[in-house]
Amino acid sequence: MVKYTSRFHYEIVQGAAAQLTLALPASQALTRLTGEQIRDWRTTTEGDRQILTIEFIKPIEKAYDLTLYSEQAVEDATARALLNPPQPLEVERESGALKPCG
């Protein structure tokens, strides 16, 4: 089992965001998400990925922090796992890093 803890920091430079969307592989299970002002969230399947849509109580402004917890089964324990973390959609710029745990 590969477990992911994905932390996202959004900076809203203009206007406000009523929702955020992220993509996860279809084989990955979202186990939990944390963030302020979340009204509802849902996933829909599109081909080989899931689209996670998060709706807010009121549109978010300036900055927002979101943490996703997900996991993915590994079929062969001796094989190397391909890391495929969740990715934000509909963003202008992004940067990130992978950090091993354990």
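The values are calculated or read from the model by the stated rules, or taken from the named source; none is laboratory data. What you are looking at is a predicted structure, and each value in this text was computed from that prediction instead of being measured. Because the Cβ atoms are built from the backbone with ideal geometry, glycine has one as well, and the counts that use them run over all protein chains shown. Protein only, heavy atoms only, side chains kept; ligands, DNA and RNA dropped before computing areas. Shrake-Rupley method; radii C 1.70, N 1.55, O 1.52, S 1.80 Å.
Accessible surface ranking for Glu46, Glu75, Glu90, 1.4 angstrom probe, highest first: Glu75, Glu90, Glu46. For Lys3, the solvent-accessible surface computed with a 1.4 Å probe is close to 150 Å², ligands and nucleic acids excluded. With a cut-off of 14 Å between beta carbons, the residues surrounding Ile57 carry a summed charge of -2, where Lys and Arg count +1 and Asp and Glu -1.
The mean of 1/r over all pairs of different alpha-carbon atoms in the stretch 5-61, once inverted, gives a Kirkwood hydrodynamic radius of 12.4 Å.
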